[in-house]
Amino acid sequence: MTADPDTDGADAAEALSDRLADADGLALFTDFDGTLAPIVDRPDAAAIDPAAEDALELLRDVPDATVAAVSGRALDDLRERLTVDGLAYAGNHGLELHAEGETTVHPAAAEAEGTLEAVTTRLRETLDVEGVIVENKRVTATVHYRMVDETDVPAVEERVRDAAANTPLRVTEGKEILELRPDVDWDKGRAVEWLRGSLVPDGEEWVAAYAGDDVTDEAAFRALPDGGVGVKVGDGETAADYRVDGVDEVTAFLERVAASPALSEPAPDADDE
């Protein structure tokens with residue numbers, strides 16, 4: 001684990017550009033909340049930074065680059081908030097995957113839907129704590145306590161763990177959230193590996209990069225192949241090589257990468273010829 005990764009996003013973009021000089025292309029992966037969109041109290045109020053969306057469009061138009069969003073949000077929710085055409089997606093920490101026009105759902109995730117419905121219903125009925133939000137995302141669930149008084153947080157945590165006990169679910173922690181997921185060996189790291197296998201042409205060497213802010217993104221940083229570039233957003237110990245302060249710096253990083261001379265120029269629009 002990198003204790004003190006480089007804090008300059010420009011250096012991260014330069015390192016990525018240098019590695020692209022000897023590669024066939026770029027596979028860029030990014031989290032959504034806290035990375036492309038500022039963290040907000042209510043998850044339904046999150047919106048992508050317009051400048052970040054513009055930068056993703058620039059990268060999408062590069063012939064030898066592919067872009068994927070990897071999020072804890074449900075796949076449909078993620079696609080509604082990130083409307084750049086031509087991207088790949090991993091929703092619900094990779095339990096829902098969409099690439100090349102096809103959607104794949106982990107079998108264990110589909111089997112857990114009934115359990116999650118029962119557990120989230122029970123939590124909504126029994127969690128009488130001001131500010132708590134219980135979000136059922138079909139194949140996972142999130143309990144948000146960002147707006148909960150800190151003295152009530154231990155009670156929320158205890159109630160969530162009790163609700164998940166003796167079920168095929170496990171509880172994981174994030175930034176002022178608790179996640180309920182199927183207890184399977186699958187995470188954002190496995191999602192990145194799956195997407196790379198689906199998106200990178202056989203026999204070609206593409207550099208991989210990942211940007212994310214939460215503890216769940218650490219699995220993705222660790223899954224990057226040799227030569228990959230991890231960019232941690234915000235504080236905290238990390239396996240990433242570089243660190244930036246927030247969404248604005250992520251956007252600047254994406255813009256620098258899109259402008260890298262190591263990437264091919266975007267294909268001309270038919271209307272411009």
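Averaging the Cα positions of each part gives two centres, and for the stretch 149-216 and the stretch 231-245 these lie 17 Å apart. Close amide H partners of Val229, meaning residues 5 or more places away or on another chain with modelled amide H under 5 Å apart, are Ala208, Ala209, Tyr210. At full extension, Asp85 and Asp54 could sit 10.0 nm farther apart than now, given 0.36 nm per residue minus the alpha carbon distance.
Projecting the Cα atoms of Leu95, Ala191, Ala211 onto the charge dipole of the chain, computed from C-beta unit charges around the Cα centre, puts Leu95 farthest toward the positive end.
In whole Å, how far is the Cα centre of the stretch 43-98 from that of the stretch 101-138? So the two Cα centres are separated by 22 Å. Net charge dipole, the stretch 1-76: roughly 300 debye, given to the nearest 20, about the Cα centre with Cβ charges of +1 for Lys and Arg and -1 for Asp and Glu. Of Ala15, Thr251, Met147, which is farthest towards the positive pole of the chain's charge dipole, taken about the Cα centre with +1 and -1 on the beta-carbons of Lys, Arg and Asp, Glu respectively? Sorting the options by dipole projection puts first Met147. Here Lys137 is the anchor, and the lysines within straight C-alpha reach of less than 19 Å, apart from those fewer than 8 places off in the same chain, are Lys175, Lys188. Please list, in order, the residues from the stretch 149-173 whose amide nitrogen is less than 20 Å from a point placed 7 Å along the Cα→Cβ vector of Glu125. In the stretch 149-173, the label zone of Glu125 (backbone N under 20 Å from the point 7 Å along Cα→Cβ) covers 156-169.
With R₀ set to 30 Å, the beta-carbon distance separating Lys175 from Glu102 gives a calculated FRET efficiency near 0.45. Compared with the direct C-alpha span, the chain from Thr151 to Asp18 gains 43.0 nm at full extension, assuming 0.36 nm per residue.
Just so you know, all these numbers are worked out from the coordinates, no wet-lab data involved. Treat the numbers as computed from the prediction; the structure is a model and nothing was measured. As a convention, Cβ positions derive from the backbone with ideal geometry for all residues, glycine included, and neighbour counts pool all protein chains shown.
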